[in-house]
Amino acid sequence: MADDKTRVLLVCMGNICRSPTAEGVLRERLRQRHDADRVELDSAGTHGFHIGKAPDPRAQEAARRRGIDISDLRARQVDWSDYEVFDLILAMDAANAEILQADCPPEHAEKIGMFLDYAAGRSEREVPDPYFGGERGFEYVLDLIQEASDGLIDALRRRGG
């Protein structure tokens, strides 16, 4: 890993819907804005339900409709070393943020935040889990993730990362 890159970890529960979608969208937005070489991305889940599995087919299809391919991503669980390695650890919802805070060594607690805090003008603080819903839920999640991704990139540019 290059020391000059900002490392961002995106976290949901199982790492098959929200966090891999966020990783794929953010990766594409960074590429479009010519910032891909400045940020290192990964995603993970707080639970190990789906380790090694590809993103949910519905998440893949929704992303594909927007020109984003997340089929190469594989689910993994947050690891103890992630707290040291990553500069920002962004949760999709409060429940997963609480799990991260509980497991995180105190010296790294300031790295944990909410992904949607970067979506300017949004009152929502959580990206809802679309797993048990229909197609519209995946589209809504993508809308939220795209807004937060743009805001995060702007914030990283402001802080020089």
- Would you check if there is a residue in the range 79-99 being at pLDDT 95 or above, touching a strand residue (DSSP E or B) at 6+ places or on another chain (Cβ under 6 Å) and over 17 Å from G113 (Cα atoms)? no
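With respect to A36, determine if the residue is out of contact with any Asp or Glu (no Cβ under 6 Å at 6 or more places or on another chain), of a type in the set (A, V, I, L, M, F, W, C) and over 23 Å from A155 (Cβ atoms).
Considered against the rule, which asks whether it is out of contact with any Asp or Glu (no Cβ under 6 Å at 6 or more places or on another chain), of a type in the set (A, V, I, L, M, F, W, C) and over 23 Å from A155 (Cβ atoms), A36 comes out as no.
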- Item | Enumeration of residues in the range 123-150 that are farther than 17 Å from Q60 by Cβ, surrounded by 16 or more Cβ atoms within 10 Å (Cβ to Cβ) and of a type in the set (S, T, N, Q) | S149
- Task: Hey, could you check the range 67-81 for residues that are touching a residue at least 60 places away in the same chain (Cβ under 8 Å) and assigned to a loop (DSSP other than H, G, I, E, B) and say which is surrounded by the fewest Cβ atoms within 10 Å (Cβ to Cβ)?
- Result: R76
- Message: I need every pair where a residue in the range 119-134 that is within 12 Å of M92 (Cβ to Cβ) and of a type in the set (S, T, Y) has its Cβ under 8 Å from the Cβ of a residue that is modelled with pLDDT of 95 or more and surrounded by 16 or more Cβ atoms within 10 Å (Cβ to Cβ), sequence separation at least 6 or different chains.
- Response: Y131/G14; Y131/I16; Y131/C17; Y131/D56
- Checklist (1) surrounded by fewer than 16 Cβ atoms within 10 Å (Cβ to Cβ); (2) over 16 Å from the mean Cα position of the chain (by Cα); (3) under 30 Å from D4 (Cα atoms) applied to D117, failing item: (2)
- Residue within the range 113-124 that is assigned to a helix (DSSP H, G or I), in contact with a Leu (Cβ under 7 Å, 6 or more places away or on another chain) and within 24 Å of G52 (Cα to Cα) present: yes
- Note on the structure: Considering the range 3-47, residues that are within 12 Å of the chain's Cα centre (by Cα) and among the acidic types (D, E), and then whichever is surrounded by the most Cβ atoms within 10 Å (Cβ to Cβ), we arrive at E23
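The values are calculated or read from the model by the stated rules, or taken from the named source; none is laboratory data. Computed from a predicted model, the values in this text were never measured in an experiment. All Cβ positions, even for glycine, are placed from backbone atoms using ideal geometry, and neighbour counts span all protein chains on display.
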